[in-house]
1. Give, as a single signed number, the net charge of other residues whose beta carbon lies under 10 Å from the beta carbon of residue 200, with Lys and Arg counted +1 and Asp and Glu -1.
2. Please report Rg over Rh for the chain, where both radii come from the alpha carbon positions and Rh follows the Kirkwood definition.
3. Got a sec? How would 149, 176, 34 order by Cβ neighbour count within 10 Å, fewest to most?
4. Averaging sequence separations of C-alpha pairs under 8 Å and six or more residues apart, then dividing by the length of the chain, give the relative contact order as a whole percent.
5. Report the gain in length on full extension from residue 46 to residue 83: 0.36 nm times residue separation, minus Cα-Cα distance, nm rounded to one decimal.
6. Taking every DSSP beta bridge with both residues inside segment 4-200, roughly what % is antiparallel (nearest 5)?
7. Work out how much length residue 33 to residue 186 would gain on full extension: take 0.36 nm times their residue separation and subtract the Cα-Cα distance, in nm to one decimal.
8. Connecting C-alpha atoms closer than 10 Å in a GNM of the chain, tell me which of 90, 184, 158 has the biggest fluctuation.
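All of the numbers you see were taken from the coordinates with simple rules; none came from a lab. Note that the structure is a prediction, hence the values are computed from the model and not measured. Ideal geometry is used to build each Cβ from the backbone, glycine not excepted, and the neighbour counts take in all protein chains shown.
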Amino acid sequence: MSSVICQLSVSLDGFVAGRDQSLEEPLGVDGERLHDWAFAGDAGPTRDADIAARHGEGVGAYIMGRNMFGPPDRESDPSWRGWWGEDPPYHVPVFVITHHPREPVPMEGGTVFHFVTDGIESALVQAREAAGSENVQISGGASTAQQYLKAGLVDELYLHVAPIVLGGGERLWDGLEGIRFEPYEVVPSPAVTHIRYRVLR
């Protein structure tokens, strides 16, 4: 059976985005540093490049919160096509959890953004149907990840822990007290530590 995997880059103090997110800085102050490891290419450690190159393997659909598609003031703007450019890195259906109905937005490379207004469970049902036998990946942000974790709908949490302290922003761990995680794979490098956890129920 396919799995629901939540995959995020996170700071040492648990933030998936920095303070003061804006149109100019979608990930907030210093938030882009969380993802430096994924874009280092040949200049980065081989293991990081290998992990970055495998992005999307076995994933048949993604789920994201509205801020990962665009800022709140662009959410219902039909001319806004997302942060990701005309060829987003997904190449499969993406289900955006929002309060604003909108027609699907097809992009180059096979990505189609679908907008779900009736909750996280509905988004997961639609994503599973689209993914078929492949996995569903929850890609953030923090609030979306928290909702799925608290609802017991996540099988695996895959974190890329960057060795920086952001000190504020969108924190992953708020409200997740009592949820237990079992690490089963740890891959360290100078740029980031990759940790896979099973989410225990």
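1. So the environment of residue 200 carries a net charge of +2.
2. Details: Rg = 16.1 Å, Rh = 17.2 Å.
Radius of gyration relative to Kirkwood radius: 0.94.
3. 176, 149, 34
4. For the chain, the relative contact order is 31 percent.
5. Additional length available on full extension: 10.5 nm.
6. Numbers: 18 of 41 bridges.
If we restrict to bridges inside segment 4-200, about 45 percent are antiparallel.
7. Contour length minus the Cα-Cα distance gives 53.0 nm.
8. Greatest mean-square fluctuation among the candidates belongs to 184.
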